[in-house]
Amino acid sequence: INKAKEKPKDSVLSGIPKELPALQRSLKVIEKVSKVGFQWENLQGPLEKVKEELGEFLQEVEKIDATKEISLDQREKIEAELGDLIFTLSNVSYFLSINPEDALRKMLNRFEKRFRFVEDQAKAQGKQLKSMTLEEMDEYWNEAKRQKIGM
């Protein structure tokens, strides 16, 4: 028996497993809605949307009073805007045929290799990371980039 005939779909989005990693699931959602025409014509659309969503995210972040704890309401608004921004970036990746999950995984590998370089350099100089300034660590970080560590 064909499962598609057995259970009619109630939505274009039916069948996308909720257990998928969020970035992977976002790409599946984008692929499905794109098939029915719910998509920009070209890359310019989602790129403009990234700018818009980044602006909205920054507006919410700028409302935070650094001297106070972030309220639940503020946290929820920032989380919603961050989610919008990440989803829009997934849509950009769809247009570029880049899997956002793979892109993030590769970035994390580069970050880890570079950070380990920073740790190794600090250790070689007899320094503890906790006692170093961000500027000092950034010098090592920039050296890792110059040496193309993680590339």
| remark: Largest fluctuation, 23, 134, 54 only, Gaussian network model of the chain with Cα springs under 10 angstrom, belongs to 134
| Just from its helices, what would the mean residue ellipticity at 222 nm be for the chain, if runs of 4 or more DSSP H residues each count -39500 (n - 2.57) and the sum is divided by every residue, rounded to the nearest 500 deg cm²/dmol? | -22000 deg cm²/dmol
| field | Sum of side-chain charges, residue 77 neighbourhood, beta-carbon under 9 Å (Lys, Arg +1; Asp, Glu -1) | value | -3
| How much length is gained on full extension from residue 10 to residue 119, taking 0.36 nm per residue of separation minus their Cα-Cα distance? | 34.0 nm
| field | Simple spin-label estimate for residue 130 and residue 111 in nanometres, 7 Å along Cα-Cβ | value | 2.2
| said: What is the percent carbon and sulfur in the accessible area of the chain, measuring with a 1.4 Å probe over the protein chains and ignoring ligands? | reply: 54
| field | Order of exposure, largest accessible area first, which applies to 11, 131 with probe 1.4 Å | value | 131, 11
| query | Counting pairs of alpha carbon atoms under 8 Å apart in space and at least six apart in sequence, what relative contact order in percent does the chain give? | reply | 23
| Spacing of the two label points (7 Å from each Cα toward its C-beta) at residue 147 and residue 20, in nm | 3.9
| query | If you put +1 on each Lys and Arg Cβ and -1 on each Asp and Glu Cβ, how big is the dipole of the stretch 1-141 around its Cα centre, in Debye rounded to 20? | reply | 940
| request: Determine the alpha carbon to alpha carbon distance for each of 28/49; 63/145; 18/113 and list only those over 30 Å. | output: 63/145; 18/113
| For 146, 75, what's the largest-to-smallest order of accessible area, 1.4 Å probe? | 146, 75
| said: With a 10 Å cut-off between alpha carbons and a GNM built on the chain, which of 18, 32, 130 moves the most? | reply: 130
| remark: From highest to lowest solvent-accessible area (probe 1.4 Å; ligands, DNA and RNA excluded), 25, 114, 105 read 105, 25, 114
| request: Pop a pseudo-label 7 angstrom from the Cα along the beta-carbon direction at both residue 34 and residue 79 and give the gap in nm to one decimal. | output: 2.9
| message | Under 10 Å, Cα contacts only: if you run a Gaussian network model on the chain, which one of 37, 45, 126 comes out with the highest mean-square fluctuation? | response | 126
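The values are calculated or read from the model by the stated rules, or taken from the named source; none is laboratory data. Just so it is clear, the structure is predicted and the values come from calculations on it, not from any experiment. Here Cβ is always computed from backbone atoms with ideal geometry, including for glycine, and neighbour counts include all displayed protein chains. These accessible areas exclude ligands, DNA and RNA; they are computed on the full protein's heavy atoms, side chains included. Shrake-Rupley method; radii C 1.70, N 1.55, O 1.52, S 1.80 Å.
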